[in-house]
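Trainee: Here it is: the structure, laid out below.
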Amino acid sequence: MADLRLPRVNKVIVSGRIANDLELKFTPKGTPVLRFTLATDRRYKDDSDQWQSITSWIDCIAWTKTAETISNQASKGSALLIEGRLDTNNWTDSSNNKRKSTEVNVDMVHFLEWKPRDGQESDSNNEVPLPPEEMASGNKTTNDDVPF
């Protein structure tokens, strides 16, 4: 049989809302770590052709700057899109039962809602606000600036 070469891919992309209160913790060496659960819905049609929704509760863990960023800019109910990899943990509990859990180890986070920080006013109109980095730069692009 020929040598089969499989790509080593472990990539997860999930969007949903944070389902629990966030508590940033630190390892004994001082590394920030944040555990949270992401709730994501999937819609499907049942046997009677009615739409149903089922929620998956996905355990996630973020480390270092990613953990701090999520902790500072999000809270329970915040909508996120996360990218990461699946990690599986095996252990034996205090009753000597073998246990197993799977979680997403978050590499990157995208905030799907922009909320003004404390002290900033929010407009009541439906305009989409600029991300903070674009507000600070003051760059304004016109149609004349676009090369096509």
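Trainee: Would you mind counting up the charge near Gly84? Only other residues with Cβ under 12 Å from its Cβ, with Lys and Arg at +1 and Asp and Glu at -1. Before the final figure, lay out each step's value.
Mentor: Numbers: positive: Lys11, Arg85; negative: Asp59, Glu83, Asp87, Glu103, Asp107.
Net local charge, Gly84 excluded: -3.
Trainee: Compute the Cα gyration tensor for segment 44-94, then decide on rounded, prolate or oblate, letting a ≥ b ≥ c be the square roots of its eigenvalues: rounded whenever a/c is under 1.5, prolate when a/b is larger than b/c in the other cases, and oblate in all that remain.
Mentor: On the way: a/c = 2.91, a/b = 1.47, b/c = 1.98.
It is oblate, given that a/c is not under 1.5 and a/b is not larger than b/c.
Trainee: Still on this model: Which ordering of Ile18, Ile54 is given by a fewest-first count of other beta-carbon atoms within 10 Å? Each step should come with its number before you reach the end.
Mentor: Details: Ile18 19, Ile54 9.
With the sparsest Cβ surroundings first, the list reads Ile54, Ile18.
Trainee: A further question follows. Show me the ranking of peptides 23-33, 41-51 by mean Cβ neighbours inside 10 Å, starting with the highest. Numbers along the way, then the final one.
Mentor: Details: 23-33: 10.3, 41-51: 7.9.
Put in order of decreasing packing, that is 23-33, 41-51.
Trainee: How do Phe111, Phe36 line up, fewest other C-beta atoms within 10 Å first? Walk me through the numbers on the way to the answer.
Mentor: Values: Phe111 15, Phe36 24.
Neighbour counts put them in this order, fewest first: Phe111, Phe36.
Trainee: For segment 38-47, what does the Karplus curve 6.51 cos²θ - 1.76 cosθ + 1.60, with θ = phi - 60°, yield as ³J(HN,Hα) per residue in whole Hz, taken in order and with x for Gly and Pro?
Mentor: 9, 9, 10, 9, 10, 9, 8, 9, 7, 4
Trainee: Once each part is reduced to its C-alpha centroid, what is the distance from segment 7-32 to segment 49-113 in angstrom?
Mentor: If we compute the Cα centre of each part, the gap is 5 Å.
Read-outs: derived from the displayed coordinates by stated rules, not from any lab. No experiment lies behind these values; they were computed from the predicted model shown. Cβ sites come from the backbone with ideal geometry, for glycine too, and all protein chains shown count toward neighbours.
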